[in-house]
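Worksheet for the structure shown next.
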Amino acid sequence: MTIELLLRYFHFASIFVIVGALVSEHLLLKPALAKKEIDRLSKIDGIYGLAVLSLLAAGLSLWLGGFGKPTEFYSENPLFHLKLGLFVGIGILSIYPTVFFIKNRKGNADELVKIPKSIIWMIRLEILLIFIIPFLAGLMSKGFGL
């Protein structure tokens, strides 16, 4: 097995974990949650964060590490830059929900906390944007953007 194959596998598997975590967060969110539920969301958000780091490490290795396609294939493709921009945008959108979950998970487990609507909408937007990235990757694989 080659390093490239392993990197592509971890890159791909990380995407599944990210999508699963985001969908889980969305499905568990309600207008008000007990602190124990927020703690659960915080743990899911931690898994999301680890998957993002795994995706980033594998993706950067594939891009800059000389595995697979030449670095120029990615660096000179505007669709790749759009993918990176969406990835960064998703990361920025995830900051506020993460901080909210961390700040509100401790205390009386049954205490209810009102969830700001902005958190629900940010996670929905993250899900929407994450589904655009594979479409751009498919276009790149067919030579678009070169």
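What longest range of the chain stays clear of loop-exposed GluC sites (Glu not before Pro) (DSSP non-H/G/I/E/B, at most 16 other C-beta within 10 angstrom)? Mind showing how you got there, number by number?
Numbers: sites that count: Glu76, Glu111.
Formally, the longest exposed-site-free interval is 1-75.
Once the Cβ-Cβ distance between Ala32 and Tyr9 is put in as r, and R0 is 35 Å, what FRET efficiency do you end up with, to the nearest 0.05? All intermediate terms of the calculation are to be shown ahead of the outcome.
On the way: r = 40 Å, r/R0 = 1.15.
FRET efficiency, Ala32 to Tyr9: 0.30.
About the Cα centre, and with charges only on the beta carbon of Lys, Arg (+1) and Asp, Glu (-1), how big is the dipole of the range 42-146? Nearest 20 debye, please.
Working: 10 positive and 6 negative charges, 51 e Å.
The calculation lands at about 240 debye.
Under the definition of Cα pairs under 8 Å and six or more residues apart, what whole-number percent is the relative contact order of the range 3-141?
Working: 140 pairs, mean separation 53.5, N = 139.
Averaging sequence separation for qualifying contacts and normalising by length gives 38 percent for the range 3-141.
Sum -39500 (n - 2.57) across every DSSP H segment of at least 4 residues in the chain, then divide by the residue count to get the 222 nm mean residue ellipticity, nearest 500. Walk me through the numbers on the way to the answer.
On the way: 5 runs with 113 residues, N = 146.
Per the formula, -27000 deg cm²/dmol.
When all C-alpha to C-alpha distances in the chain are sorted into bins of 5 Å, what percent of pairs does each bin hold, rounded to whole numbers?
For the chain, the pair-distance distribution reads 2, 9, 17, 20, 16, 12, 9, 7, 4, 3, 1, 0.
What Kirkwood radius, in Å to one decimal, follows from the Cα pairs of the range 18-84?
On the way: mean 1/r = 0.0705 Å⁻¹.
14.2 Å is the Kirkwood radius here.
For Tyr96 and Thr71, compute 0.36 nm times the residue count separating them, minus their Cα-Cα distance, and round to one decimal in nm.
Details: separation 25, 0.36 × 25 = 9.00 nm, distance 3.33 nm.
The Tyr96-Thr71 span can extend by a further 5.7 nm.
Using the alpha-carbon atoms, what tilt in degrees (0 to 90, nearest 10) does helix 117-141 show relative to the longest principal axis of the chain?
10
For Lys106, list the lysines whose Cα falls under 19 Å from its own Cα; do not include residues on the same chain fewer than 8 positions away.
Hits, sequence-local ones excluded: Lys30, Lys35, Lys36, Lys43, Lys114.
Hey, with R₀ at 35 Å, roughly what FRET efficiency would Ala137 and Asp110 work out to, going by the Cβ-Cβ distance, to 0.05?
Details: r = 44 Å, r/R0 = 1.26.
The computed FRET efficiency comes out at 0.20.
Any read-out appearing in this document is the output of simple, stated calculations on the displayed coordinates, not a laboratory observation. Because the structure is a prediction, the values reported are computed rather than measured. Counting neighbours? That spans all protein chains shown, and the Cβs are built from the backbone with ideal geometry, glycine included.
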